[in-house]
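As C-alpha coordinates, the structure follows; a few thoughts come after it.
The values are calculated or read from the model by the stated rules, or taken from the named source; none is laboratory data. Owing to the predicted nature of the structure, the values given are computational and were not obtained by experimental measurement. When the accessible area is computed, the model is the full protein with side chains, heavy atoms only, and any ligands, DNA or RNA have been set aside. Shrake-Rupley method; radii C 1.70, N 1.55, O 1.52, S 1.80 Å.
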Amino acid sequence: GVNRMPEITLRMAALSDVPAILSIMTAAHGAMADPSAYITDDAPYVAAHIQEAGFTLLAEADGTPAGFFLVCVPGLAENNLGHYLAFSKEQLLEVAMMDSAAVLPEFQGLGIMGRMFRRAVELTEPIYPYLLGTVAPDNVPSRRNFEKCGFSVLQTIKKPGGLTRLLMGKGRGL
(Lines give C-alpha, C1' and ligand atoms only; values in the text may rest on other atoms or scores of the structure.)
Protein backbone atom coordinates (compact mmCIF):
# COMPACT_ATOMS: atom_id res chain seq x y z
CA GLY A 1 0.00 0.00 0.00
CA VAL A 2 0.87 3.65 -0.38
CA ASN A 3 1.11 4.24 3.37
CA ARG A 4 3.57 1.44 4.03
CA MET A 5 6.44 2.62 6.24
CA PRO A 6 9.67 2.52 4.30
CA GLU A 7 12.36 0.22 5.60
CA ILE A 8 15.05 2.43 7.13
CA THR A 9 18.60 1.17 7.11
CA LEU A 10 21.78 2.82 8.34
CA ARG A 11 25.22 2.28 6.86
CA MET A 12 28.58 3.96 6.74
CA ALA A 13 28.75 6.38 3.84
CA ALA A 14 31.35 5.89 1.12
CA LEU A 15 32.95 8.51 -1.09
CA SER A 16 30.50 7.57 -3.83
CA ASP A 17 27.71 8.82 -1.53
CA VAL A 18 29.01 12.41 -1.39
CA PRO A 19 26.65 13.70 -4.16
CA ALA A 20 23.64 12.12 -2.40
CA ILE A 21 24.69 13.64 0.92
CA LEU A 22 25.08 17.09 -0.63
CA SER A 23 21.67 16.86 -2.26
CA ILE A 24 20.07 15.88 1.08
CA MET A 25 21.82 18.85 2.68
CA THR A 26 20.57 21.24 0.00
CA ALA A 27 16.99 19.92 0.06
CA ALA A 28 16.76 19.99 3.86
CA HIS A 29 18.25 23.48 3.93
CA GLY A 30 15.83 24.79 1.30
CA ALA A 31 12.83 23.46 3.25
CA MET A 32 13.75 25.12 6.53
CA ALA A 33 11.73 27.98 7.93
CA ASP A 34 14.96 29.54 9.13
CA PRO A 35 17.81 28.52 6.84
CA SER A 36 20.30 30.48 8.97
CA ALA A 37 19.93 27.77 11.60
CA TYR A 38 21.74 25.37 9.32
CA ILE A 39 25.03 25.83 7.54
CA THR A 40 25.63 23.64 4.51
CA ASP A 41 29.04 22.14 3.84
CA ASP A 42 30.83 21.57 0.55
CA ALA A 43 31.91 18.36 -1.18
CA PRO A 44 35.54 18.37 0.04
CA TYR A 45 34.36 18.81 3.65
CA VAL A 46 31.92 15.92 3.36
CA ALA A 47 34.50 13.73 1.60
CA ALA A 48 37.07 14.43 4.33
CA HIS A 49 34.59 13.25 6.96
CA ILE A 50 34.00 9.99 5.15
CA GLN A 51 37.68 9.25 4.86
CA GLU A 52 39.89 10.55 7.61
CA ALA A 53 38.47 13.22 9.90
CA GLY A 54 35.56 11.17 11.20
CA PHE A 55 32.74 9.24 9.56
CA THR A 56 29.33 9.78 8.05
CA LEU A 57 26.26 7.62 8.55
CA LEU A 58 23.84 7.37 5.66
CA ALA A 59 20.19 6.49 6.29
CA GLU A 60 18.32 4.89 3.41
CA ALA A 61 14.57 4.46 3.05
CA ASP A 62 13.94 1.41 0.87
CA GLY A 63 17.43 1.91 -0.54
CA THR A 64 16.99 5.63 -1.30
CA PRO A 65 19.32 8.03 0.56
CA ALA A 66 17.08 9.74 3.10
CA GLY A 67 19.40 11.31 5.65
CA PHE A 68 22.96 11.58 6.85
CA PHE A 69 24.80 12.21 10.09
CA LEU A 70 28.35 13.50 9.95
CA VAL A 71 30.71 12.93 12.87
CA CYS A 72 33.89 14.99 12.97
CA VAL A 73 37.05 14.01 14.82
CA PRO A 74 38.78 17.39 14.73
CA GLY A 75 42.01 16.63 16.57
CA LEU A 76 43.84 19.91 17.21
CA ALA A 77 41.95 21.82 14.49
CA GLU A 78 40.56 25.27 15.17
CA ASN A 79 36.97 24.09 14.85
CA ASN A 80 37.33 21.66 17.80
CA LEU A 81 34.55 22.69 20.19
CA GLY A 82 36.80 21.67 23.08
CA HIS A 83 38.55 25.02 22.65
CA TYR A 84 35.46 26.68 24.16
CA LEU A 85 35.94 24.46 27.22
CA ALA A 86 39.64 25.31 27.54
CA PHE A 87 40.56 21.69 26.86
CA SER A 88 44.21 20.65 26.99
CA LYS A 89 45.92 19.24 23.87
CA GLU A 90 45.36 15.74 25.24
CA GLN A 91 41.67 16.42 25.74
CA LEU A 92 41.25 17.99 22.28
CA LEU A 93 42.51 14.73 20.76
CA GLU A 94 39.77 12.86 22.65
CA VAL A 95 36.86 14.80 21.14
CA ALA A 96 34.31 13.55 18.63
CA MET A 97 31.76 16.09 17.40
CA MET A 98 28.19 15.51 16.29
CA ASP A 99 28.76 17.86 13.41
CA SER A 100 26.08 17.99 10.77
CA ALA A 101 22.93 16.06 10.00
CA ALA A 102 19.84 16.30 7.85
CA VAL A 103 16.88 14.24 6.72
CA LEU A 104 15.03 14.81 3.44
CA PRO A 105 11.71 16.61 4.04
CA GLU A 106 9.69 13.68 2.68
CA PHE A 107 11.29 11.30 5.20
CA GLN A 108 11.05 13.54 8.26
CA GLY A 109 8.92 12.34 11.16
CA LEU A 110 10.02 8.70 10.86
CA GLY A 111 12.56 8.92 13.67
CA ILE A 112 15.51 8.71 11.28
CA MET A 113 17.44 11.53 12.97
CA GLY A 114 17.12 9.94 16.38
CA ARG A 115 18.28 6.58 15.05
CA MET A 116 21.30 8.10 13.33
CA PHE A 117 22.14 10.10 16.44
CA ARG A 118 21.98 7.05 18.73
CA ARG A 119 24.14 5.04 16.32
CA ALA A 120 26.70 7.85 16.08
CA VAL A 121 26.95 7.94 19.88
CA GLU A 122 27.24 4.13 20.06
CA LEU A 123 30.12 4.21 17.58
CA THR A 124 32.03 7.10 19.16
CA GLU A 125 31.44 6.80 22.90
CA PRO A 126 33.65 3.72 23.46
CA ILE A 127 36.57 5.46 21.71
CA TYR A 128 36.24 9.18 22.47
CA PRO A 129 35.85 10.36 26.08
CA TYR A 130 34.28 13.66 24.99
CA LEU A 131 31.30 13.98 22.66
CA LEU A 132 30.42 17.56 21.74
CA GLY A 133 28.06 19.37 19.41
CA THR A 134 26.20 22.62 18.95
CA VAL A 135 22.57 23.44 18.41
CA ALA A 136 20.73 26.66 17.61
CA PRO A 137 18.95 27.80 20.81
CA ASP A 138 15.49 27.59 19.23
CA ASN A 139 16.06 24.30 17.39
CA VAL A 140 14.00 22.24 19.84
CA PRO A 141 13.98 18.93 17.88
CA SER A 142 17.75 18.92 17.54
CA ARG A 143 18.27 19.83 21.17
CA ARG A 144 15.86 17.06 22.18
CA ASN A 145 17.89 14.53 20.17
CA PHE A 146 21.04 15.60 22.01
CA GLU A 147 19.32 15.33 25.38
CA LYS A 148 17.81 11.91 24.60
CA CYS A 149 21.34 10.69 23.94
CA GLY A 150 22.56 11.96 27.31
CA PHE A 151 24.03 15.32 26.30
CA SER A 152 23.52 18.43 28.37
CA VAL A 153 23.95 22.15 27.70
CA LEU A 154 27.47 23.14 28.78
CA GLN A 155 27.39 26.80 27.74
CA THR A 156 26.08 29.31 25.24
CA ILE A 157 28.75 30.21 22.70
CA LYS A 158 29.17 32.62 19.82
CA LYS A 159 30.54 30.86 16.78
CA PRO A 160 32.75 32.55 14.17
CA GLY A 161 30.36 34.72 12.18
CA GLY A 162 28.45 35.67 15.32
CA LEU A 163 25.84 32.87 15.46
CA THR A 164 24.74 31.99 18.98
CA ARG A 165 24.74 28.26 19.72
CA LEU A 166 24.25 26.01 22.70
CA LEU A 167 27.34 23.88 23.27
CA MET A 168 26.12 20.37 24.07
CA GLY A 169 28.37 17.77 25.63
CA LYS A 170 28.56 14.31 27.06
CA GLY A 171 31.51 12.55 28.60
CA ARG A 172 34.10 12.40 31.30
CA GLY A 173 33.49 15.12 33.87
CA LEU A 174 31.23 17.22 31.61
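A few points about this structure:
- The long axis of helix 18-30 is offset from the longest Cα principal axis of the chain by roughly 90 degrees.
- Accessible surface calculations at 1.4 Å, restricted to protein heavy atoms, place the chain at 50 Å² per residue.
- Accessible area of the range 17-155 belonging to carbon and sulfur atoms, whole % at 1.4 Å probe: 54
- GNM result for the chain, Cα springs below 10 Å: residue of PRO105, PRO126, PRO137 fluctuating most strongly: PRO126
- Mean separation of Cα contacts under 8 Å (6+ apart) over length of the chain, as relative contact order %: 18
- Backbone phi angles across the range 157-174, fed through the Karplus curve with coefficients 6.51, -1.76 and 1.60 (θ = phi - 60°), yield HN-Hα couplings of 10, 9, 7, x, x, x, 6, 8, 9, 8, 8, 9, x, 8, x, 4, x, 8 Hz in residue order; Gly and Pro are listed as x.
- Exposure of ASP42 as accessible area (Å², to 10), given a probe of 1.4 Å and all protein chains: 90
- Whole-Hz couplings from phi, Karplus 6.51/-1.76/1.60, listed for the range 138-150; x for Gly and Pro: 9, 8, 5, x, 5, 4, 5, 4, 4, 5, 4, 8, x
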